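These notes concern the structure reproduced below.
Values quoted throughout were computed directly from the atomic coordinates according to the rules given, and no laboratory measurement underlies them. These numbers come from a predicted model, not from an experiment. Glycine gets a Cβ as well: all are built from the backbone with ideal geometry, and neighbour counts include every protein chain shown.
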Amino acid sequence: MVNMPTVRIPEFLFSTRPRIGIHSLPPLTDETRRCLRNLSNYRAPKPPDQLVSRDRDRVAQSRTAGVLVALFVDKHGTLRVLLSRRSDTLRSYAGDTSLPGGKFERGDRNIEDTARREAFEEIGLSLDKHKVPLLCILEPFLAGNQLLVTPVVVLVLDTTARPVLNTPEVASLFSHPLASFLSSTTPFMLRAPYSPKTPGYRYRRPPGEESEDYDNDRVVEVGGVRRMRDRRQEDTHDDDNLQVEEAEKDIEHMEPYSHFQAEYHTYVDVPWHDGRPIRMHRFLTGREADGVKPVFGLTAAILIKTATIGYARAPEFDLYAPGQPGMQERILHALRNGPKFQEALEREREEMEKERKGRKKGDGRRKGKVVARL
């Protein structure tokens, strides 16, 4: 194994958090209780101090983002995660299934603040840390648009609250069982077969199982026919270091199948810049007939990681492709070769230099005034 240089992760990505008393939650299953305890005890590994990082491996704040993995306990005592469908009018990732989140902004004290602020702006989730306490903060992931994305895992205690969607950004809000991101078995039931001649498509949950969605949605029934699409790698010839990230960004452009595909979990291996494969996972939501896209790419990777930590078990499927490069290696390569990272870091250096000169000039003026008084 090749020892990779350490990625220099900024300190503002990390924050402290209070401990959560599991006794304060609604009735839980034993599995849910263990999951919450494991997440609450998790600490993302920091780069070793003994390894000296080069200045070029720094991450500009403008290229960092936070996403909120908002969990809540349903009436069965199991954990579900809030997911949103992005608006079709957005310039990037329009219509995708995603986690609430966005870029770090000045005024955010740390990446937790970023994720909470974005969730409040997008879906109206409370900023009160007593109502939505922090469980843990995961290590950063590399996104397709050259952002370093840090997942912030929280627990929604106030389930009486109702979401307030920012409709220019969010089209709808729903939930999905967290444990299902470790499984190849669908947590829902597709009752009707699909074909181009099918007059309607109906999704129903198993008998006796009511909706546990955060917004209390009903059984989905759609009169029109929508095609299911499968993920196929497209030939991308962008910067080699962005090959995988661009494939993730464009993954919604999928070729249609002539018959209904009901595989809950699928994956595709796409080549990195040096030809090594990177595995990208996809999970159906059960709402594809209503225009909701599957959970895929970065969002899927974050939720698999969250579930793996919480439930302390490996997925039923092979998580990585043979010979797949690790996330730290991919991040380091992007920092050194990605133009957006490099340009943002250069702008940040210029701004810091201007601020330094401004402070120095101000100090000189104050000294002059003191001399004049004397």
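Things to note:
- Placing a label point 7 Å from the Cα of Ala262 along the Cα-to-Cβ direction, the residues of region 280-321 with a backbone N closer than 15 Å are 284-289.
- Mean Cβ count within 10 Å, highest first, over the residues of peptides 71-80, 37-46: 71-80, 37-46
- Put simply, when 60-67, 169-176, 319-326 are sorted by average Cβ atoms within 10 angstrom per residue, most first, you get 60-67, 169-176, 319-326.
- Remark: the Met327-Ala94 segment gains 81.3 nm on full extension, using 0.36 nm per residue and subtracting the alpha carbon distance.
- Fully extending the segment from Glu346 to Tyr320, taken as 0.36 nm per residue of separation minus the present Cα-Cα distance, adds 5.9 nm.
- Taking one quarter of the surface of the C-alpha convex hull of region 306-357 gives a mean projected area of 6.2 nm².
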